[in-house]
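Undergrad: Just passing along the structure, written as structure tokens.
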Protein chains: 2
Amino acid sequence: MSTATMQRNKENFLDTTVSSSDLLEHWQGHRRLTRRVIELFPEDKLFNYSIGGMRPFAEMALEFIGMAEPGLDGVISGEWPSIDQIQHRKEKKPSFTKATLLDRWDEVTQKIEIEWPKISAERFRERDVAFGMWEGTIYGFILYWIDNEIHHRGQGYVYLRSLGIEPPPFWER
Amino acid sequence: MSTATMQRNKENFLDTTVSSSDLLEHWQGHRRLTRRVIELFPEDKLFNYSIGGMRPFAEMALEFIGMAEPGLDGVISGEWPSIDQIQHRKEKKPSFTKATLLDRWDEVTQKIEIEWPKISAERFRERDVAFGMWEGTIYGFILYWIDNEIHHRGQGYVYLRSLGIEPPPFWER
């Protein structure tokens, strides 16, 4: 590859690599996989089982919901609830069963699907302060929420394996 | 938000959301975190410890290397080694210590940094067959390698916690 080509590629650095619709599909694909992981847990283990003092998988899943839903609102409106407000909502939240957790999951999935087009192309690259606390770019926040889901879901895979339950293949979305 | 604005946002769907340099920094940030996780494992536990019949963390880290390095070559050249060839290389590979694994890790990190600008903006959106086996887009392959690293590193976090070792904060890159 010539130096001129590499130079041109560098100039194109800001060209589209991952588009808005790619990122939406990427997220929703991961959400479909996480849903299957929630489903695979036996009811009691979903809420009570853990390793090494970590949280049960239901708490992790509720964290994904608690980032995705108010996070999407913040991305769209530029208004973010504070961590204290989220904490307060959490305390008031009803206790879940696997079925009600899955219902909440589906509600958020649908909300993401419907509201995503409200995010303008420019907005993805704007800087903001998520939840009044984390400074960064909008695309960076969204990647963070996806990554956080992958990270903790990977931990859910260890819980399942240690319970003798085969988790779904990672590449199936 | 008006219908006209939502329509305009839909038309902008293919505008830049995540750029080439964003994706590079995203990957390298995750690689820095994974390196710290490798470092935190006691030498013997890195190669021998596991839960639920899963692989020790060293094997997962070697998988990340085994995807990233020939994967990057494939992305740049369009020529992919087959899974059989990779398997063959693996069998011939010397046994690792934590120190030599970290050296290999750093070698691949540097290679990614140096060779990344060889990927043209157009290339990221091309379709190809990775390792002669997985059909998809180039950006999709790269996201997959990053996600796979996050997923298994999350499992490494459970190994560490169950060994009484505090893993690094997930958000520190």
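Undergrad: Quick one: in segment A:153-166, which of the residues that are in contact (Cβ under 8 Å) with a residue 60 or more places away in the chain and assigned to a helix (DSSP H, G or I) is nearest to A:PRO42 (Cα to Cα)?
TA: Ranking the qualifying residues of segment A:153-166, first place goes to A:LEU160.
Undergrad: Ok, one more. Could you list, in sequence order, all residues of segment A:131-152 that are touching a residue at least 40 places away in the same chain (Cβ under 8 Å), over 27 Å from A:ARG36 (Cβ atoms) and either in a helix (DSSP H, G or I) or in contact with a strand residue (DSSP E or B) (Cβ under 7 Å, 6 or more places away or on another chain) (or both)?
TA: Within segment A:131-152, just A:ILE138 meets the criteria.
Undergrad: Can you tell me which residues in segment B:38-64 are within 15 Å of the chain's Cα centre (by Cα) and surrounded by fewer than 21 Cβ atoms within 10 Å (Cβ to Cβ)? Give the steps one after another, and end with the answer.
TA: Taking segment B:38-64 first, the residues within 15 Å of the chain's Cα centre (by Cα) are B:38, B:57-64.
Once the filter is applied, which keeps residues that are within 15 Å of the chain's Cα centre (by Cα) and surrounded by fewer than 21 Cβ atoms within 10 Å (Cβ to Cβ), segment B:38-64 yields B:ILE38, B:GLU59, B:LEU62, B:GLU63.
Undergrad: Out of segment B:115-126, which residues are outside any helix (DSSP H, G or I) and surrounded by fewer than 18 Cβ atoms within 10 Å (Cβ to Cβ)?
TA: B:GLU126
Undergrad: Further, regarding this structure: If you go through segment B:97-111 one residue at a time, do you hit one that is surrounded by 12 or more Cβ atoms within 10 Å (Cβ to Cβ), modelled with pLDDT of 95 or more and within 14 Å of chain A (Cβ to nearest Cβ)?
TA: No; the residues of segment B:97-111 include none that is surrounded by 12 or more Cβ atoms within 10 Å (Cβ to Cβ), modelled with pLDDT of 95 or more and within 14 Å of chain A (Cβ to nearest Cβ).
Undergrad: Follow-up. Would you call A:GLY29 without any contact (Cβ under 8 Å) to a residue 12 or more places away in the chain and within 12 Å of chain B (Cβ to nearest Cβ)?
TA: No, not satisfied.
Undergrad: How many residues does segment B:57-114 hold that are in a helix (DSSP H, G or I), over 21 Å from B:ASP128 (Cα atoms) and among the hydroxyl-bearing types (Ser, Thr, Tyr)?
TA: Residues that pass the stated criteria total 2.
Undergrad: Of the residues B:LYS98, B:LYS111, which single one is of a type in the set (Lys, Arg) and more than 18 Å from the chain's Cα centre (by Cα)?
TA: Just one listed residue meets the conditions, B:LYS98.
Undergrad: Continuing with this model, one more query. Can you pull out every residue in segment B:39-55 that is in a loop (DSSP other than H, G, I, E, B) and free of Cβ contacts under 8 Å to residues at least 24 places away in the same chain?
TA: Scanning segment B:39-55 gives B:GLY52, B:GLY53, B:ARG55.
Undergrad: Among the numbered criteria (1) small (Gly, Ala, Ser); (2) within 14 Å of chain B (Cβ to nearest Cβ); (3) farther than 30 Å from B:ILE119 by Cα, which one does A:ALA68 miss?
TA: (2)
Undergrad: Among (1) within 30 Å of B:LEU24 (Cβ to Cβ); (2) at pLDDT 95 or above, there is one condition A:GLY132 misses while meeting the rest; what is its number?
TA: (2)
Undergrad: Taking segment B:138-173 on its own, how many of its residues are at the interface with another protein chain (Cβ under 9 Å from one of its Cβ atoms), under 18 Å from B:TRP27 (Cβ atoms), in contact with a Lys or Arg (Cβ under 8 Å, 6 or more places away or on another chain) and surrounded by fewer than 18 Cβ atoms within 10 Å (Cβ to Cβ)?
TA: Residues that pass the stated criteria total 0.
Undergrad: Please work out which residue is modelled with the highest pLDDT, limiting yourself to segment B:7-34 and to residues that are hydroxyl-bearing (Ser, Thr, Tyr) and within 17 Å of the chain's Cα centre (by Cα). Full working, then the answer.
TA: In the first step, residues of segment B:7-34 are kept if they are hydroxyl-bearing (Ser, Thr, Tyr); the result is B:16-17, B:19-21, B:34.
Filter once more, so that each one left must be within 17 Å of the chain's Cα centre (by Cα): B:20-21, B:34.
Numbers: B:SER20: 89, B:SER21: 90, B:THR34: 98.
Among residues in segment B:7-34 that are hydroxyl-bearing (Ser, Thr, Tyr) and within 17 Å of the chain's Cα centre (by Cα), the one modelled with the highest pLDDT is B:THR34.
Undergrad: Take the residues in segment A:66-85 that are surrounded by 15 or more Cβ atoms within 10 Å (Cβ to Cβ) and among the β-branched types (Val, Ile, Thr); name whichever of them is nearest to A:HIS151 (Cα to Cα).
TA: Checked segment A:66-85; the qualifying residue nearest to A:HIS151 (Cα to Cα) is A:VAL75.
The values are calculated or read from the model by the stated rules, or taken from the named source; none is laboratory data. The model shown is predicted, which means the values in this text are computed figures rather than measured ones. For neighbour counting, all protein chains shown are included, and Cβ atoms are generated from backbone atoms with ideal geometry for every residue, glycine included.
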